[in-house]
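The structure under discussion appears below in the form of structure tokens.
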Amino acid sequence: MIERREGIAVPTPPTTGTTTEQQDLRSRMPNPLPFVPEMAVVGEGLHKVIKNGSIPQVTIHLLQLRAGQLLGSTYFTIRETGNLRKAGESEERITAVATWRDATYFTDAERVALELVEAVLTPNPSGERVPDELYAKVSAHYDDKALWTLIMAIAHIGFFTPAALIAKPIPGMPPGRNYSE
């Protein structure tokens, strides 16, 4: 839903019911699971890994919000903004993800997770995307299990990126109901 504030269109989070505007939204493609049910097994495995407890879920959501912003995915951005709100995160922290380098709202561990996802998703024409210096910073904050969990959180976004950008699931709708019939 879009709300107007001082002449500016401001998106508002979906309510518990679907609005007429949401009902009018359509994905480009239908739900993929009837066509490729194997996709659910991979998705479930990635979900299980990123919820293994080695990293706070808020950190996962921050990282995935930043990934959505970098990829230009409205679906991911709305989903992760909603997840962060449900987790009780402040609007300042959620909004500051886009400018995390200058924002004072994040822990050092969150900052390095955000730096890692940016490095992985942003081409670096002058060298390695994840240089040894960045790896050292990440491994100073995360043990091997947590680091693999971070990697899988980025892989989770990578796995669903083509669907988000090509099939365009309906933003703000829960999985399973985010595709047109």
Original post:
Mind checking which residues of the range 48-71 are in contact (Cβ under 8 Å) with a residue 60 or more places away in the chain, over 14 Å from the mean Cα position of the chain (by Cα) and open to solvent by 40 Å² or more (accessible area, probe 1.4 Å)?
Top reply: Val49, Asn52
Subject >> Check on Thr161, out of contact with any Pro (no Cβ under 9 Å at 6 or more places or on another chain) and either hydroxyl-bearing (Ser, Thr, Tyr) or assigned to a helix (DSSP H, G or I) (or both) >> reply: yes
**OP:** Just one of (1) farther than 26 Å from Asn52 by Cβ; (2) in contact (Cβ under 8 Å) with a residue 24 or more places away in the chain; (3) over 13 Å from the mean Cα position of the chain (by Cα) trips up Val138, so point out which.
**Re:** (1)
Subject >> Among residues of the range 123-179, those that are hydroxyl-bearing (Ser, Thr, Tyr), loosely packed, with under 15 Cβ neighbours inside 10 Å and modelled with pLDDT under 95, counted >> reply: 1
**OP:** Go through the range 53-72 and give me each residue that's touching a Phe, Trp or Tyr at 6+ places or on another chain (Cβ under 9 Å) and within 23 Å of Gly176 (Cβ to Cβ).
**Re:** Gln64, Leu65, Ala67, Gly68
Original post:
Are there any pairs, at least 6 apart or on different chains, whose C-beta atoms fall under 6 Å, with the first in the range 26-46 and under 16 Å from Pro171 (Cα atoms) and the second assigned to a loop (DSSP other than H, G, I, E, B), and if so, which?
Top reply: Ser27/Lys168; Ser27/Pro169; Ser27/Ile170; Ser27/Tyr179; Arg28/Lys168; Pro30/Tyr179; Asn31/Tyr179
**OP:** For Pro171, state whether it is part of a loop (DSSP other than H, G, I, E, B), touching a residue at least 12 places away in the same chain (Cβ under 8 Å) and more than 22 Å from Pro56 (Cα to Cα).
**Re:** yes
**OP:** Scan the range 103-122 for residues that are part of a loop (DSSP other than H, G, I, E, B) and surrounded by 12 or more Cβ atoms within 10 Å (Cβ to Cβ) and jot them down.
**Re:** Ala103, Tyr105, Phe106, Thr107
Original post:
Of all residues in the range 72-102, how many are open to solvent by 20 Å² or more (accessible area, probe 1.4 Å) and in a loop (DSSP other than H, G, I, E, B)?
Top reply: 7
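The values are calculated or read from the model by the stated rules, or taken from the named source; none is laboratory data. Quick caveat: nothing in here was measured; it's all calculated off a predicted structure. When we count neighbours, we look across all protein chains shown, and the Cβ atoms used for this are built from the backbone with ideal geometry, even at glycine. Ligands, DNA and RNA are stripped out before the accessible areas are found, and what is left, the full protein with its side chains, is counted by its heavy atoms. Shrake-Rupley method; radii C 1.70, N 1.55, O 1.52, S 1.80 Å.
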